[in-house]
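None of the figures in this text is laboratory data; all of them are computed from the coordinates on show. Computed from a predicted model, the values in this text were never measured in an experiment. We place every Cβ from the backbone using ideal geometry, glycine too, and count neighbours over all the protein chains shown.
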Amino acid sequence: MSSRIEQLIDEIEEYIDSCKYQPLSSTKIIVNKEQIDELLRELRTKTPDEIKRYQKIISNKEAILNDARAKAEALINEATIHTNELINEHEIMQQAYAQANEVVTMATQQAQEILDNATIEANNVRAAAMQYMDDMLAHLENIILSATQSASSNYENLIGSMNQYRDIIQSNRNELHPADDYEDVVLSEKVEDTDAEL
């Protein structure tokens, strides 16, 4: 069963795939800002919950180790009890010591194997959870980077278009006021000012 983060990433990818391309472009798309913001907002909300879930999985490592320790202690206690029973039997004292040592050695080996296996399993779970989270975050980082680059490119295109329109407007205004007419107006205003002073 996939997590909600995986579902959201799939939804974002499907949404991006469903977006229309900009005119005259095969790489740039038109994105509905509200819709992509909503998907990203939910992704940001769900990410901490998913991280907590994987932290819980990692924390189970301690439970596994504690269970292994309990089993090891139970084996050692059982071996100790068995040893004491053998020692209390005077007729087979020497055999009791040998058997007791053998039982303790076997119990210790079994306990160590349990601890080793539990540690390996816990480390594998932790590594898998961390790799999974890293893969998801890397994928999300690529999506956000792509969206940021697209938005930046769109902004630069808008500024370029606005500058072109400004140049056209300035050119049109200059056509309305040729340089010769402008000089005649300035001279006329200076003459009127001189007459006013006289």
Two-site label geometry, TYR15 and GLU42: point separation in nm, points 7 Å out along Cα→Cβ
0.8 nm
May I ask you to derive the FRET efficiency for GLU62 and THR105 from their Cβ-Cβ distance with R0 = 30 Å, giving the value to the nearest 0.05?
0.60
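By how many nm would the segment from SER161 to ALA127 lengthen if fully extended, with 0.36 nm per residue of separation less the alpha-carbon distance?
Values: separation 34, 0.36 × 34 = 12.24 nm, distance 5.07 nm.
This chain segment gains 7.2 nm when fully extended.
Subtracting the Cα-Cα distance from 0.36 nm times the residue separation, let me have the gained length for LEU176 to GLU113 in nm, one decimal.
Numbers: separation 63, 0.36 × 63 = 22.68 nm, distance 9.40 nm.
Working it through step by step, the gained length comes to 13.3 nm.
Express the Stokes-Einstein translational diffusion coefficient of segment 4-197 in µm² s⁻¹, to the nearest whole number, given a Kirkwood radius over alpha-carbon pairs, 10 °C and a viscosity of 1.306 mPa s.
D, rounded to a whole number, is 63 µm²/s.
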With 0.36 nm assigned to each residue of separation and the Cα-Cα distance removed, ILE92 to LEU145 gains 11.3 nm
Would you mind checking which residues have amide H under 5 Å from ILE29's amide H? H placed 1.01 Å from N; only 5 or more apart, or other chain.
GLN22
Which lysines, if any, have their Cα less than 27 Å from the Cα of LYS71, not counting same-chain residues under 8 positions apart?
LYS56, LYS61
